[in-house]
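Participant: Once you've had a glance at the structure underneath, I'll fire off some questions.
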Amino acid sequence: MSRTLGKHPLGFPKSSRVVRSGDFTQALRRGGVAANDCLVVFALPRDQTSPEDAAKTQCRLGVTIPKKTGNAVVRNRWKRLIREAYRLHQMELPTGFDYVIRPKKDVQASWKLIDKGFVKLVGRAVRRSQPSSGDR
């Protein structure tokens, strides 16, 4: 059986993932941050990450789940739910950013909580990653 999910418009190929440790670190240190009841999102424009990237307009997702969150089963559930929310809403998200997402401390993984404000939360992180233009 052949899997062609990588070519599907809602797939999650490796080119759509933040995989390098340095990219995670840059997003966490220099990216705009926003949080809601269950997630913390860091957004960093792609032109600030690695200049050798050809596809600057594509957004990438990185998921980091601390070991304090729970055992491997709990951490993998978080990853699956966050990736699914990203996969379903990726057409609504601003392009050209690296997004690093992690759960808030002491929160149970819930699809309703994750999906509820995902796009709004990412949008807020993107706005905070932009240099202030004096409008606030």
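The values are calculated or read from the model by the stated rules, or taken from the named source; none is laboratory data. Quantities reported herein were computed from a predicted structural model and do not represent experimental measurements. Positions of Cβ are generated from backbone atoms using ideal geometry, with glycine treated the same way; all protein chains shown enter the neighbour counts. Quick note on the areas: whole protein, heavy atoms, side chains included, nothing else; ligands and nucleic acids left out. Shrake-Rupley method; radii C 1.70, N 1.55, O 1.52, S 1.80 Å.
Participant: Taking only segment 63-79 into account, find how many residues are free of Cβ contacts under 8 Å to residues at least 40 places away in the same chain and either touching a strand residue (DSSP E or B) at 6+ places or on another chain (Cβ under 7 Å) or under 23 Å from G22 (Cα atoms) (or both).
Facilitator: Restricting attention to segment 63-79, the residues satisfying the condition of being free of Cβ contacts under 8 Å to residues at least 40 places away in the same chain are 63, 65-79.
Right, trim to either touching a strand residue (DSSP E or B) at 6+ places or on another chain (Cβ under 7 Å) or under 23 Å from G22 (Cα atoms) (or both) and you get 63, 65-69, 75-76, 78-79.
Looking only at that region, the number is 10.
Participant: Counting just the residues of segment 88-124 that are basic (K, R) and assigned to a loop (DSSP other than H, G, I, E, B), which one comes out surrounded by the most Cβ atoms within 10 Å (Cβ to Cβ)?
Facilitator: Here the answer is K104.
Participant: Sticking with this structure for a sec: Considering segment 57-74 alone, what residues qualify as being open to solvent by less than 30 Å² (accessible area, probe 1.4 Å) and more than 16 Å from A27 (Cα to Cα)?
Facilitator: G70
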